[in-house]
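Quick notes on the structure that follows.
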Number of protein chains: 2
Amino acid sequence: TPKLQKLFLAVAACDSSGASNSGCESSKESSRSSTPVLDTDRTDRLRDKMRRRTESGDHWFSLEFFPPRTASGAVNLISRFDRMGSGGPLFIDVTWHPAGDPGSDKETSSMMIASTAVNYCGLESILHLTCCNQTKEKITGYLSKAKRLGLKNIMALRGDPMGADWEEEEAGFNYATDLVKHIRCEFDDYFDICVAGYPTGHPEAESYDEDLRHLKEKVDAGADFIITQLFFRADTFLKFVRDCRAIGITCPILPGIFPIQGYQSLRQLVKLSKLEVPEEIMQVIEPIKDNDAAIRNYGIEQAVGMCRVLLESGEVPGLHFYTLNREVATMEVLRQLGLWIEDPRRTLPWAVSAHPKRKVEDVRPIFWASRPKSYIYRTQDWDDFPNGRWGNSSSPAFGELNDYYLFYLKSKSSKDALLKMWGEELTSEQSVYEVFTSYITAQPNVAGHKVMCLPWNDDPLAPETNLLKDELDKVNRRGVLTINSQPSINGKPSSDPIVGWGPPGGYVFQKAYLEFFTSSENVTALLKVLKKYEPRVNYHIVNVHGQNTTNAHDMQPNAVTWGIFPGREIVQPTVVDPVSFLYWKDEAFALWIEQWAKLYEDESPSRMIIKYIHDNYFLVNLVDNDFPLDNCLWQVIDDMFELLDNPPEEQPAEQTAEQPNDEQSDKEQPGK
Amino acid sequence: TPKLQKLFLAVAACDSSGASNSGCESSKESSRSSTPVLDTDRTDRLRDKMRRRTESGDHWFSLEFFPPRTASGAVNLISRFDRMGSGGPLFIDVTWHPAGDPGSDKETSSMMIASTAVNYCGLESILHLTCCNQTKEKITGYLSKAKRLGLKNIMALRGDPMGADWEEEEAGFNYATDLVKHIRCEFDDYFDICVAGYPTGHPEAESYDEDLRHLKEKVDAGADFIITQLFFRADTFLKFVRDCRAIGITCPILPGIFPIQGYQSLRQLVKLSKLEVPEEIMQVIEPIKDNDAAIRNYGIEQAVGMCRVLLESGEVPGLHFYTLNREVATMEVLRQLGLWIEDPRRTLPWAVSAHPKRKVEDVRPIFWASRPKSYIYRTQDWDDFPNGRWGNSSSPAFGELNDYYLFYLKSKSSKDALLKMWGEELTSEQSVYEVFTSYITAQPNVAGHKVMCLPWNDDPLAPETNLLKDELDKVNRRGVLTINSQPSINGKPSSDPIVGWGPPGGYVFQKAYLEFFTSSENVTALLKVLKKYEPRVNYHIVNVHGQNTTNAHDMQPNAVTWGIFPGREIVQPTVVDPVSFLYWKDEAFALWIEQWAKLYEDESPSRMIIKYIHDNYFLVNLVDNDFPLDNCLWQVIDDMFELLDNPPEEQPAEQTAEQPNDEQSDKEQPGK
């Protein structure tokens, strides 16, 4: 019935005959379960994402950073990536400073910062690379390393010649065009390549037209898009785009936006880039040059105005911001433009890594929920990542976490700040309980300081955990030291602002989860209580020595978060996996010592108290499988307290067989 | 705290140090997603299942069948396997008849029947094998073939010597012991081996004690368990077990139970097996020998009484029944003993194949829900089976289904019966609609015959589909010819008698599904209506020529049945996969011709009507993604009818662009 044909708009890739013939048979070898279910974006290259966003008319933004000078600057920059990443940039880029050992493994190198942004912050990233005064071998080495680290995009630049005696080299890199050609030659189409455009012409170019011709050469050599140098008038950029189009440059051209943030930084930048600040701007700024706030406000206003003109021109699909590694001005401009995504949709409950190897990953153990960077670090050598299902206990080994001071794993707080939060001096286990309680309730501790983090949690309590605040408060006071929890959820819309994730139109579910440290006395009572909750509650209890008990059937994982979406298979992004738990417990126990005990003098009572907890407490996780019912885990804890408060009359025989004499162990305990 | 150690009963396989060392690292290569989630039984050998059931004190039963003589006998036996399989036998076994070409590919061979039981009926099966007068090469050939077909258990027998001149061969097989040794020698531990025991001694043995020694040899040679010849008194068996234990036979010994079902069959069996029927039984039977019902009732009563004694003895973990390929007597005995499982728990919504290669399979497309044997047949060559997730459209190719007359795919009904149900003569499409309506409503057709099957469904409507009966009735009357559907389910207990499946304590869910054939006129209206239901409803519409349209995102599968269980990952056993649908449509359309049109003379109006539908109708599937809400698919169909009944005023321009002139096609249609 050919008459109907015109109705069939979306014709499937395989038609009847194709499906039963070679077209599909050739894919018989392919692994069935290696397909991403959630977000096709994750498989795509930056240039494809850019094209789709441009086609949809949906404006976007990107952010430029430079590498930090110090290790603590690196820690700060990474947490800035996390904060600014939440606003939804299409990508970030990291500049390259030949003098700063940019390709090294130092925590301040361009290479490590960009790699961390991709792997640990989940940001699509562009690494800058300059070529002048570099050998081809050196450049190829940098590119190979970048590729190995999961970087997929390069901003190809000439860079500033070092020294006055620089001359063009015969077979070397003299222009960015040479670098673009080299990348395409050595790495084929692997990298997306960006090049720089100069709306007023490159300062060293013979002329504006000559510079445009150079830009055309760069694009013809294989660049995918252009980011421009900063400029101060929308017209400057719009004329530049017209001129580019006129000579046949068809790729995207992104305007480089520089919100003026201070008098000194403006002067410095202008000097370096040999740009001229328009008279009308200087006239405003000069009179207020000592008033930072006034200049910043003007900068925001000026940038917003210019961006509005650019976006309304229809020539600008997205805006590129020179942040100078600062947050406030850029975020404010983006907010005023309506481009900052206040409440970004989460693809999964956890931030997806941008490393291409991890693109199919959609299941993780819940234990690292507050330490995703540690999880990524410890699994970085895996050949494939769990997809669709975690699988059984024969999961790949986790890498050791011996260095808790890697810059991307390090606490954002200084030792001083930590001591204020966690106590200059601890006098008993009770004072530890109070730290947990202060953290949970967001109330100041006895010394008047708010506890903003714990060793297991470098951020304040998540909005979701806030749902459990009262119960958490109550149990922490009595030494059930919670470090991870989630409420049960029986089918909330995937768009729910607190617990939602995944594509629209879906429903998300959770089983209630609770993880805590507690004393062996409590565990003794808890195990008796848990018998009443079989098989509703799954538990896993382990101490630092590896003594453990669980009722996990065949050591199988338990899915505790899942989502049902239109036209998709089921997604189950978090599991409680009994085997992973034994890897996690090493890390969880070590954090007592590495992050907390070591704040105090060796042999000091404070350190001994933490050491005692580390050596004697158990780490417990509980799952309530009956997600449609009210969470029973609080009742489990209440029952445990009840049993401790009102122990049944003891049979002499039972005492020997079942109850360790816990009175004794109290005497070994310091600080009581 | 070693004091606590005694509390930790269930010590995990990996302790702290083991987990971070080689123990788990060696499993890094293993595929994460290849683990069965649901039923550990599925990975186990028969002897392990038997051991576990015995240890649990949970009595079980098994069933013996002989291969049929005719092809239609094979069809009947296979559907008997399905019915008797639903009662929960631990295994079935299929006897070996050297004269009947037992190792061939004929549909009546022992080999094919046992293979079908395993692969298509999901039954753990034992293939008998006799060795006398056979070369080692021949026997090895049979065993290799059995292994290739997925058979894992062999009953090793000598068999009856053929001809009077049989003599022991020097290097050949003279006793079952030789066969057991040969299997262990050639196939190591691959097969579980069963041997025969004779409670009153083998008729050819020199003595009872001599025979016991032979049995000991068979067990020592590598047999895993023993099934006995039939007997008539519990004491006979219990003495035999004591005697076996006394000489060191420790393996399970299963009593062979023969419910007397008729005078002639009893006499014949007794003659063949050289057994003596006890006087007290003959005294009851002789007087009623012409009253079949009376004998059968006596046989049931006698068997039940004997089985009770056996089970109460504590020596008998399970009962083996000689069924003589009949159902009634054995089922009745089992019911009276409480061993027949009336409402077996389903592991998954569909019957799991017992082939070891398929043991991890836990996802299938919904299309073959009523034709699981066809699905198994078409996927038999797959190297691995979907587990945890179906994966994307690059699924392995389905085998062609050219032969709709394979005995395990064949309709149970004769051509005559089909003509009575589906009409001796069709006069219009309407008469086809009426066949569907009769099937749905279980009301007799115009000729007074109940329609018990359709080409797409060889069984009466499932209880689950009954939930939708009224709606199905209504739409089929108007030419929406439904062949598959399920209601939406928002978290019913896994123990629900109609829709439940999987382990206890879980919750099952479904998205509403509807699949039907309908005319191109209806499809034109339907596509307009479906625009209102984006993205709530996913659809896929295709005709026999492969013209198709879908709104499936990226051709991804949609999970339509899933379950959440304590301590497990999510299980999602059925999906709507757009690519598989294109394979299914070939089969679904072919059934019109192969099973229905071919009932009628070539060129007859009846055949032409079916042919017209085959050539012009579309196959449609619809999924309502909003499973917590009321199923909207009926509303979609109602809207379609509404649009057809009250078409909007047509704009001249639209008529050309969007609406094919469907009036024309009516004229080409025969029988109107």
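The values are calculated or read from the model by the stated rules, or taken from the named source; none is laboratory data. In this text, all values refer to a predicted model and were calculated from it rather than measured experimentally. So basically every Cβ, Gly included, is an ideal-geometry build from the backbone, and we count neighbours across all protein chains shown. Calculation scope for accessible area: heavy atoms of the full protein, side chains included, ligands and nucleic acids excluded. Shrake-Rupley method; radii C 1.70, N 1.55, O 1.52, S 1.80 Å.
Structure data summary
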read-out: Dimensions (Å) - the range A:560-657, Cα atoms, principal axes, largest first; value: 60, 43, 22
read-out: Rounded, prolate or oblate (a/c below 1.5 giving rounded, otherwise prolate when a/b exceeds b/c) for the range B:189-231 by Cα gyration tensor; value: oblate
read-out: Distance histogram for the range B:342-432 (every C-alpha pair counted, 5 angstrom bins, percent rounded to whole numbers); value: 2, 10, 17, 18, 16, 12, 9, 8, 6, 1
read-out: Per DSSP, loop GluC sites (Glu not before Pro) in the range B:253-292 with at most 14 further Cβ within 10 Å; value: B:GLU276
read-out: Normalised alpha carbon radius of gyration of the range A:322-373 [divisor 2.2 N^0.38 Å]; value: 1.54
read-out: Rg over Rh, two decimals, the range A:229-289 (C-alpha only, Kirkwood Rh); value: 1.06
read-out: Debye equation applied to the C-alpha atoms of the range B:411-510, log10 I(q)/I(0) at 0.14, 0.21 Å⁻¹; value: -0.60, -1.02
read-out: Two-site FRET efficiency, A:ASP48 against A:THR250, from Cβ-Cβ distance with R₀ of 25 Å, rounded to 0.05; value: 0.95
read-out: Separation in nanometres of the label points that stand 7 Å from Cα toward Cβ, at B:SER144 and A:GLN336; value: 8.3 nm
read-out: Compactness index (Cα Rg / 2.2 N^0.38 Å), chain B; value: 1.11
read-out: Cα gyration tensor of the range B:93-202 - equivalent ellipsoid semi-axes, whole Å, descending; value: 22, 15, 14
read-out: Unit charges on C-beta of K, R, D, E only; dipole of chain B, Debye; value: 1560 debye
read-out: Accessible area of A:TRP596 in the full protein assembly, 1.4 Å probe (Å², nearest 10); value: 0 Å²
read-out: Environment charge of A:ARG47, counting only residues whose C-beta is closer than 12 Å and scoring Lys/Arg +1, Asp/Glu -1; value: 0
read-out: Virtual spin-label span in nm between B:GLU279 and A:ASP384, 7 Å along Cα→Cβ; value: 7.2 nm
read-out: Loop-located GluC sites (Glu not before Pro) in the range B:291-324, at most 16 other Cβ atoms within 10 Å (DSSP); value: B:GLU315
read-out: Expected 222 nm ellipticity per residue - DSSP helices of 4 or more, -39500 (n - 2.57), all of chain B, to 500; value: -11000 deg cm²/dmol
read-out: Cβ-placed point charges (K, R +1; D, E -1), dipole of the protein assembly as shown about Cα centre in debye, nearest 20; value: 80 debye
read-out: Estimated D of the protein assembly as shown in µm² per second, where Rh is the Kirkwood radius over Cα pairs and Stokes-Einstein applies at 20 °C, 1.002 mPa s; value: 59 µm²/s
read-out: Candidate aspartates and glutamates for bridging to B:LYS598, where Cα separation is under 18 Å - those fewer than 8 sequence places away on the same chain excluded; value: B:ASP403, B:ASP416, B:GLU424, B:GLU425, B:GLU429, B:ASP458, B:ASP586, B:GLU587, B:ASP615
read-out: 20 Å reach of a label modelled at B:SER86, 7 Å along Cα-to-Cβ, counting backbone N of the range B:410-427; value: B:410-414
read-out: At R0 = 56 Å, FRET efficiency that the Cβ-Cβ distance of A:GLU534 and B:GLN443 yields, to 0.05; value: 0.70
read-out: Where N is the number of residues in the range A:236-386, Cα Rg divided by 2.2 N^0.38 Å; value: 1.41
read-out: Global geometry of the range A:452-544, whether rounded, prolate or oblate, following the gyration tensor of its Cα atoms and the 1.5 cut on a/c; value: oblate
read-out: Label point distance in nm, A:GLU642-B:THR427, each placed 7 Å from Cα along Cα→Cβ; value: 7.5 nm
read-out: 10 Å Cβ neighbours from other chains, averaged over peptide A:379-389; value: 4
read-out: Net charge of Cβ neighbours under 14 Å - reference A:TYR298; Lys, Arg +1; Asp, Glu -1; value: -4
read-out: Overall dimensions of the range A:518-591 by Cα: Rg and Dmax, Å; value: 15.1, 50
read-out: Label zone at B:LEU629 (point 7 Å along Cα-to-Cβ), backbone N below 16 Å, the range B:457-492; value: B:488-490
read-out: The range B:262-353, dipole about Cα centre (Lys/Arg Cβ +1, Asp/Glu Cβ -1), debye to the nearest 20; value: 380 debye
read-out: Listed residue pairs exceeding 32 Å between alpha carbons, taken from B:LYS373/B:LYS474; A:LYS147/B:LYS357; B:LYS138/B:LYS218; B:LYS373/B:LYS531; A:LYS492/B:LYS585; value: A:LYS147/B:LYS357; B:LYS373/B:LYS531; A:LYS492/B:LYS585
read-out: Cβ-vector label at 7 Å, B:PRO504, separations to other copies in nm; value: 4.5
read-out: Percentage, to the nearest whole number, of Cα pairs in the range A:480-529 over 12 Å apart; value: 70 percent
read-out: By average C-beta atoms within 10 angstrom, highest first, the peptides B:579-591, B:66-78; value: B:579-591, B:66-78
read-out: Area of A:MET608 that stays accessible when all protein chains are in place (1.4 Å probe, Å², to 10); value: 90 Å²
read-out: Shielding by partners - mean other protein chain Cβ count within 10 Å, residues of A:537-547; value: 4
read-out: 10 Å Cβ neighbours from other chains, averaged over peptide A:578-585; value: 4
read-out: Teacher prompt: A:ARG52 distances to equivalent labels in other copies, 7 Å Cα→Cβ, nm; value: 4.4
read-out: Inter-copy spacing of B:ASP292 label points, which lie 7 Å from Cα along Cα→Cβ, given in nm from shortest upward; value: 10.3
